[in-house]
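*Asks:* Take a look at the following structure, please.
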Amino acid sequence: MADLSDDALWQITGSMMNKDKVALYDLLLERRQSGTLTPEGQAWLNTLRDEADALMLRKAHAYVLLKSRGYRLPTLDELHTQQFMS
């Protein structure tokens, strides 16, 4: 990732998980909490969690690289505002 342009890194920081996958993840979590999650559902939940973790790590890495290049990073409040405006 270190060879990516600043623009490419900013794009990564703004990336989000597909809304359908988020909805499925939430549904699977509810089923796990209620004790009705099947083994197949657990496998899907694990896969979706891995995807979410990988996305979070890519975004964090992009932010670290941008910070090292002298950019000011958004505050937590700014990030929350951006998330809800997307």
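*Asks:* If one puts a single equal scatterer on every Cα of the chain and applies the Debye formula without solvent, what log₁₀ I(q)/I(0) results at q = 0.25 Å⁻¹?
*Replies:* Calculated log10 I(q)/I(0) at the listed q: -1.19.
*Asks:* Under the classification rounded if a/c is under 1.5, otherwise prolate if a/b is larger than b/c and oblate if not, where does the stretch 41-86 fall, given a ≥ b ≥ c as square roots of the Cα gyration tensor eigenvalues?
*Replies:* It is oblate, given that a/c is not under 1.5 and a/b is not larger than b/c.
*Asks:* Run lengths n ≥ 4 of DSSP H only: what is the helix-derived mean residue ellipticity at 222 nm for the chain, with -39500 (n - 2.57) per run over all residues, to the nearest 500?
*Replies:* Dividing the helical sum by the residues of the chain leaves -24500 deg cm²/dmol.
*Asks:* In straight Cα distance, which aspartates and glutamates are under 18 Å from K19, not counting same-chain residues fewer than 8 positions off?
*Replies:* Of all the aspartates and glutamates, those that pass the test against K19 - Cα under 18 Å, at least 8 places apart if same chain - are E30, D50, E51, D53.
*Asks:* In the neighborhood of L48, defined by Cβ-to-Cβ distances under 11 Å, what is the net charge if each Lys or Arg adds +1 and each Asp or Glu adds -1?
*Replies:* That sum, taken over residues with Cβ under 11 Å, equals -3.
*Asks:* Same structure again: When only DSSP loop residues count, what chymotrypsin sites (Phe, Trp or Tyr not before Pro) in the stretch 1-74 have their Cβ near at most 14 other Cβ atoms within 10 Å?
*Replies:* Passing both the DSSP loop test and the Cβ count: Y71.
Bear in mind that the values in this text are calculations on the coordinates, not laboratory data. All figures in this text were calculated on a predicted structure; none of them were measured in a lab. No Cβ is skipped: glycine too gets one built from the backbone with ideal geometry, and neighbour counts run over all protein chains shown.
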